Amino acid sequence: IYASLDQVAELSFRGAKSMAPKLEKEKDNAFLSYRLATIKTDVELEETPDNLANAEPDTDALVDWFRRLEFRGWLEELLAQDGGAATGTVDAEVEYDIVTTQAALDAWIGKLKAAELFAFDTETTSLDYMQARIVGVSFAVEPGAAAYVPLAHDYLGAPGDAVLEQLKPLLEDEGLHKVGQNLKYDMSVLANHDIELRGIAFDTMLESYVLDSTATRHDMDSLALKYLGRSTIHFEDIAGKGAKQLTFNQIKVEEAGPYAAEDADITLGLHRELWPRLEQEGRLADVFRDIELPLVPVLSRIERRGAEAHTAAGQAFNLGSPKQLGEILFEKLELPVIKKTPKGAPSTAEDVLVELALDYELPRLVLEYRGLSKLKSTYTDKLPEMVEPSTGRVHTSYHQAVAATGRLSSSDPNLQNIPIRTEEGRRIRQAFIAPEGYRIVAADYSQIELRIMAHLSGDAGLSRAFQEEQDVHRATASEVFEVDLDEVSSEQRRKAKAINFGLIYGMSAFGLAKQLHLGRNEAQQYIDRYFARYPGVADYMERTR
């Protein structure tokens, strides 16, 4: 190319005439990129092939590496080869009791009352906390010493309710400190039996999450491997898999006992491993103690109270299959083909329709239809089916240990993603009604990213907008759309909000045009006006880049 720059301007592609000067100006960068993209094959190495022969593995080092790098399958395989617990058998050093007599129960109740802290876990009939009934409970007071108390196994015929009544004072005693793995679930299930779990001192799922939200998954099996080097008995080992999988109440006590007792034992071991690490990072211990742990009973109560679900009206129409849609768009209307499917057919994926919708009406209508269909299938059809018969309300599940950023997430149903920007989304939100005497409350940071940008960039205009408690989106709309502040419409404010948040994350004119359904030139004009109003933001972004 550089040997023939004079010929570049004669080529037929758009912008060819201006390409040669750009190539000449950026010649150093072009050759730098060429060198960076070239694989270097003559690097001098200290090692030779003779030094790389296989040797006997260092098992201890491998276990340490596999734990740190979370190679779970390899770690389980290595532990199994090394005679560890990965085979699904209980370690010979542990002592797990199955409590089936009153004398044994009395003895364990005495141990639990005397313990400074004990681990607690429930085994249930369902993962749905509103429907689950307790099958048995397990306890641990010291590493390797745990017990399972069966209550409601089908064939056992044990007086489970009577045993649970004996345990109720223990579980409701604020002075008896307990540790568990995801105790919010256990608290909610116990509430089904009129037991209010008190004395929650620690939760290993949350300890792991606060220690490092992204280092590992926070389920017990993953934590046991990472922090204890132990492979636990898996539920599938005792219950089977697939359609024939048993529920816990169908499992024989001699198989259920070691599994359940191990859960309590592992929980106690994890706490003893995780809590000292949190205490070394004093602020993390404070976050756990002052924020996450007090939230457990609050979330449990919120989940169980639920929200009353009324069927929201919706109407959908059938636009046919993707194949038929493709025929209409690309054969009948002869719209440009943006990209193809792996089988070579023109794609009708959402990103394709978004780009086509900038210039053509039908793709825009298809996107609107798909949006309505998603609202219908996700909310108006499913929410009525999710009403809990015993309460007549919808009960979500809040997750403390999922989002790496520290915020809560919600599932079954996800109550955090119900749209609010469209009239249809707002109608669906009307289906959620608080009980008499209560309010549904939403709380969020106020334009937090823009406040951070104002702080980092030091932009005078953006900082002044916050100091004077202006509506930043309205102020931006006034500048970008060149209207008085009091004449800014809600639609202009919405577009300004997209501009404010989009540009600080590097959105291009093309991306802004797609989001606001504008022409690219118009979108570029908005961007230019934005940076003219907030030059400090532009300078900060350029310095950062």
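The values are calculated or read from the model by the stated rules, or taken from the named source; none is laboratory data. Here the structure is a predicted model, which means the values were calculated and not measured. Positions of Cβ are backbone-derived with ideal geometry, glycine not excepted, and every protein chain shown enters the neighbour counts. When the accessible area is computed, the model is the full protein with side chains, heavy atoms only, and any ligands, DNA or RNA have been set aside. Shrake-Rupley method; radii C 1.70, N 1.55, O 1.52, S 1.80 Å.
Going by the structure shown, is Ile504 modelled with pLDDT under 85, aliphatic (A, V, I, L, M) and either crowded, with 18+ Cβ neighbours inside 10 Å or out of contact with any Gly (no Cβ under 6 Å at 6 or more places or on another chain) (or both)? Against the criterion (modelled with pLDDT under 85, aliphatic (A, V, I, L, M) and either crowded, with 18+ Cβ neighbours inside 10 Å or out of contact with any Gly (no Cβ under 6 Å at 6 or more places or on another chain) (or both)), Ile504 qualifies.
Checked against the criterion of being closer than 18 Å to Gly425 by Cα and either loosely packed, with under 15 Cβ neighbours inside 10 Å or in contact with a Phe, Trp or Tyr (Cβ under 6 Å, 6 or more places away or on another chain) (or both), region 352-362 contains not a single residue that satisfies it.
Please specify each residue of region 198-214 satisfying the condition of being in contact (Cβ under 8 Å) with a residue 40 or more places away in the chain and either basic (Lys, Arg) or more than 15 Å from Ala115 (Cα to Cα) (or both). Quick ask: steps written out before the conclusion?
Our first condition is that a residue be in contact (Cβ under 8 Å) with a residue 40 or more places away in the chain; within region 198-214, this holds for 200-211, 213-214.
Asp203, Thr204, Met205, Leu206, Glu207, Ser208, Tyr209, Val210, Leu211, Ser213, Thr214 - these are the residues of region 198-214 that are in contact (Cβ under 8 Å) with a residue 40 or more places away in the chain and either basic (Lys, Arg) or more than 15 Å from Ala115 (Cα to Cα) (or both).
Would you check if Ile251 is at pLDDT below 85, buried (at least 20 other Cβ atoms within 10 Å of the Cβ) and either out of contact with any Asp or Glu (no Cβ under 7 Å at 6 or more places or on another chain) or within 30 Å of Gln81 (Cα to Cα) (or both)?
Working: at pLDDT below 85: yes; buried (at least 20 other Cβ atoms within 10 Å of the Cβ): yes; either out of contact with any Asp or Glu (no Cβ under 7 Å at 6 or more places or on another chain) or within 30 Å of Gln81 (Cα to Cα) (or both): yes.
Answer is yes for this residue.
Of all residues in region 88-105, exactly one satisfies the criterion of being among the polar types (S, T, N, Q) and either in contact with a Leu (Cβ under 9 Å, 6 or more places away or on another chain) or open to solvent by less than 20 Å² (accessible area, probe 1.4 Å) (or both), namely Thr100.
Which residue is farthest from Gly406 (Cα to Cα), if the candidates are limited to region 224-244 and must be in a helix (DSSP H, G or I) and in contact (Cβ under 8 Å) with a residue 40 or more places away in the chain?
From region 224-244, those in a helix (DSSP H, G or I) are 224-228, 235-239, 242-244; that's our starting set.
Within this subset, residues satisfying the condition of being in contact (Cβ under 8 Å) with a residue 40 or more places away in the chain are 224-228, 237.
On the way: Ala224: 23, Leu225: 24, Lys226: 21, Tyr227: 22, Leu228: 25, Asp237: 34 Å.
If we take residues in region 224-244 being in a helix (DSSP H, G or I) and in contact (Cβ under 8 Å) with a residue 40 or more places away in the chain, then Asp237 is farthest from Gly406 (Cα to Cα).
Scan region 413-470 for residues that are of a type outside the set (Val, Ile, Thr), in contact (Cβ under 8 Å) with a residue 60 or more places away in the chain and farther than 30 Å from Tyr540 by Cβ and the total you get is 9. Within region 491-521, being under 21 Å from Asp351 (Cβ atoms) and within 26 Å of the chain's Cα centre (by Cα) holds for Ala498, Phe501, Gly502, Leu503, Tyr505, Gly506, Met507, Gly511, Gln515.
If a residue must be assigned to a loop (DSSP other than H, G, I, E, B), more than 22 Å from the chain's Cα centre (by Cα) and touching a residue at least 40 places away in the same chain (Cβ under 8 Å), how many such residues does region 382-412 contain?
Residues of region 382-412 assigned to a loop (DSSP other than H, G, I, E, B): 382, 389-392, 395-396, 400-408, 412.
This time we only want the ones that are more than 22 Å from the chain's Cα centre (by Cα), so: 389-392.
Subset that is touching a residue at least 40 places away in the same chain (Cβ under 8 Å): 390-392.
Counting residues in region 382-412 that are assigned to a loop (DSSP other than H, G, I, E, B), more than 22 Å from the chain's Cα centre (by Cα) and touching a residue at least 40 places away in the same chain (Cβ under 8 Å) gives 3.
Only one of the listed residues (Phe481, Phe501, Phe432, Phe466) is of a type in the set (Phe, Trp, Tyr) and within 30 Å of Thr391 (Cβ to Cβ). That residue is Phe432.
The residues of region 169-181 that are open to solvent by 10 Å² or more (accessible area, probe 1.4 Å) and either among the acidic types (Asp, Glu) or without any contact (Cβ under 8 Å) to a residue 60 or more places away in the chain (or both), listed by number, are Pro169, Glu172, Asp173, Glu174, Gly175. Kindly indicate whether Ile418 is among the hydrophobic types (A, V, I, L, M, F, W, C), assigned to a loop (DSSP other than H, G, I, E, B) and at pLDDT below 85. It is true that Ile418 is among the hydrophobic types (A, V, I, L, M, F, W, C), assigned to a loop (DSSP other than H, G, I, E, B) and at pLDDT below 85. Among the residues of region 484-493, which ones are open to solvent by 50 Å² or more (accessible area, probe 1.4 Å) and assigned to a helix (DSSP H, G or I)? Selection gives Leu485, Asp486, Glu487, Ser490, Glu491, Arg493.
Screening Tyr369 against (1) modelled with pLDDT under 80; (2) surrounded by fewer than 17 Cβ atoms within 10 Å (Cβ to Cβ); (3) farther than 24 Å from Gln430 by Cα leaves a single unmet condition, (3).
Taken over region 462-483, the residue count meeting the criterion of being open to solvent by 10 Å² or more (accessible area, probe 1.4 Å) and more than 17 Å from Lys495 (Cβ to Cβ) is 7. For region 185-223, filtered to residues that are more than 19 Å from Gln166 (Cα to Cα), assigned to a loop (DSSP other than H, G, I, E, B) and among the β-branched types (Val, Ile, Thr), the residue that is most open to solvent (accessible area, probe 1.4 Å) is Thr214.
Give the residues of region 14-60 that are among the hydrophobic types (A, V, I, L, M, F, W, C), without any contact (Cβ under 8 Å) to a residue 24 or more places away in the chain and open to solvent by less than 90 Å² (accessible area, probe 1.4 Å), sorted by residue number. If you could, list the steps in order and put the result at the bottom.
Going through region 14-60, the residues among the hydrophobic types (A, V, I, L, M, F, W, C) turn out to be 16, 19-20, 23, 30-32, 36-37, 39, 43, 45, 52-53, 55.
This time we only want the ones that are without any contact (Cβ under 8 Å) to a residue 24 or more places away in the chain, so: 16, 19-20, 23, 31-32, 36-37, 39, 43, 45, 52-53, 55.
Result: Ala16, Met19, Ala20, Leu23, Leu32, Ala37, Val43, Ala53, Ala55.
Restricting attention to region 106-139 and to residues that are of a type in the set (A, V, I, L, M, F, W, C) and closer than 18 Å to Asp219 by Cβ, the residue that is surrounded by the fewest Cβ atoms within 10 Å (Cβ to Cβ) turns out to be Leu127. Limited to region 494-545, what total is found for residues that are assigned to a loop (DSSP other than H, G, I, E, B) and within 24 Å of Glu368 (Cβ to Cβ)? Number of matching residues: 4.
Close contacts from region 344-360, counting a first residue that is under 11 Å from Gly326 (Cβ atoms) and assigned to a helix (DSSP H, G or I) and a second that is aliphatic (A, V, I, L, M) and open to solvent by 50 Å² or more (accessible area, probe 1.4 Å), with Cβ to Cβ under 7 Å and a gap of 6+ residues or different chains, come to Val352/Ile338. Scanning region 434-449 for residues that are open to solvent by less than 60 Å² (accessible area, probe 1.4 Å) and farther than 17 Å from Arg301 by Cβ returns a single hit, Gln447. Every condition in (1) outside any helix (DSSP H, G or I); (2) open to solvent by less than 40 Å² (accessible area, probe 1.4 Å); (3) over 30 Å from Ile291 (Cβ atoms) is met by Leu375 except one, and the failing one is (1). I'd like to verify a number: residues in region 255-298 that are more than 30 Å from Tyr96 (Cα to Cα) and basic (Lys, Arg), how many? Total meeting the criteria: 2.
For Gln166, indicate whether it is at pLDDT below 90 and part of a helix (DSSP H, G or I).
On the way: at pLDDT below 90: yes; part of a helix (DSSP H, G or I): yes.
Here the answer is yes, as Gln166 does meet what is asked.
For region 402-433, residues that are open to solvent by 30 Å² or more (accessible area, probe 1.4 Å) and hydrophobic (A, V, I, L, M, F, W, C) total 7.
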